[in-house]
Amino acid sequence: TYSSSAWQVINQLQVSGSDVWDDYAYRKNGLTKTTTDANASVSMTIPSDAWQFNFVYRSDSQGGNRTVTISQGNGLVEAWNGSAWVEANGFVFSSLEPSATATKGNTTYQKRLKMRCKNKASGGINSIGQTKTITISKGNDATRFNVVGFEWSPREFMLTVVNSARGSHQWGMSGYDLANYQDNDIWQFKPDLLLAEIS
């Protein structure tokens, strides 16, 4: 459920006739729902059998802080803050993409806020068997809120396949070089396995 904000569904954001994201639509079909309206939000019911539950979004240079709310309160869902599992209700994360560099673009498509509804440790949370309502919201500001969607699994772990291909790009052979985007297209996902086609 999306807030009644001025949402657009696009694969390339344009401002004043210029492309904003450097993964141009003709190279990468990064379908995204976006708004800059204040207090925009997206909500979903977490299924009762969900163990893993992830919010999938796009970061960019006009992103900002996002807040997670679990309507049923604390002790039901945990979020991964990059180094530890923490309480998801009230958790704040950033969708701001730092400035582009020689090996990183200005946006990351399909970034994930990883969450879970069960912690196998002694005394850990376990809300499997109970539905929860999650809301991801932005503040009263004009930052860009980019939503891709949600994903979930009844299993402890999920296999995520990230296609880092960009049309017309090569590896180390031209100005259209995949190496220019390796940090946010590949390494930020911390892959366990890389499959590469060097054609």
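The values are calculated or read from the model by the stated rules, or taken from the named source; none is laboratory data. Just so it is clear, the model here is predicted, and its values are computed rather than measured. Cβ: placed from backbone, ideal geometry, glycine included. Neighbour counts: every protein chain shown. Side chains are part of the model used for accessible areas, which takes the heavy atoms of the whole protein and leaves out ligands, DNA and RNA. Shrake-Rupley method; radii C 1.70, N 1.55, O 1.52, S 1.80 Å.
Can you pull out every residue in segment 103-118 that is open to solvent by 30 Å² or more (accessible area, probe 1.4 Å) and outside any strand (DSSP E or B)?
Listed by number, the residues that qualify are Thr103, Asn106.
Please specify each residue of segment 1-24 satisfying the condition of being assigned to a strand (DSSP E or B) and open to solvent by 50 Å² or more (accessible area, probe 1.4 Å).
Tyr2, Gln8, Val9, Gln14, Val15, Ser18, Asp19 - these are the residues of segment 1-24 that are assigned to a strand (DSSP E or B) and open to solvent by 50 Å² or more (accessible area, probe 1.4 Å).
Kindly indicate whether any position in segment 39-47 is within 30 Å of Asp177 (Cα to Cα) and not aliphatic (A, V, I, L, M).
Looking for residues that are within 30 Å of Asp177 (Cα to Cα) and not aliphatic (A, V, I, L, M), one finds none in segment 39-47, hence no.
Go through segment 73-102 residue by residue and tally those that are surrounded by 16 or more Cβ atoms within 10 Å (Cβ to Cβ), in contact (Cβ under 8 Å) with a residue 24 or more places away in the chain and not aromatic (Phe, Trp, Tyr).
Number of matching residues: 8.
Working only within segment 25-72, note down all residues that are open to solvent by 60 Å² or more (accessible area, probe 1.4 Å) and part of a loop (DSSP other than H, G, I, E, B).
Hits for segment 25-72 are Tyr26, Asn29, Leu31, Thr36, Asn39, Asp49, Gln62, Ser71, Gln72.
Take Ser127 and decide whether it is open to solvent by less than 60 Å² (accessible area, probe 1.4 Å) and either of a type in the set (A, V, I, L, M, F, W, C) or farther than 23 Å from Asp22 by Cα (or both).
yes
Could you tell me which of the residues Ala121, Ala142 is of a type in the set (A, V, I, L, M, F, W, C), outside any strand (DSSP E or B) and touching a residue at least 24 places away in the same chain (Cβ under 8 Å)?
Residue meeting the stated conditions: Ala142.
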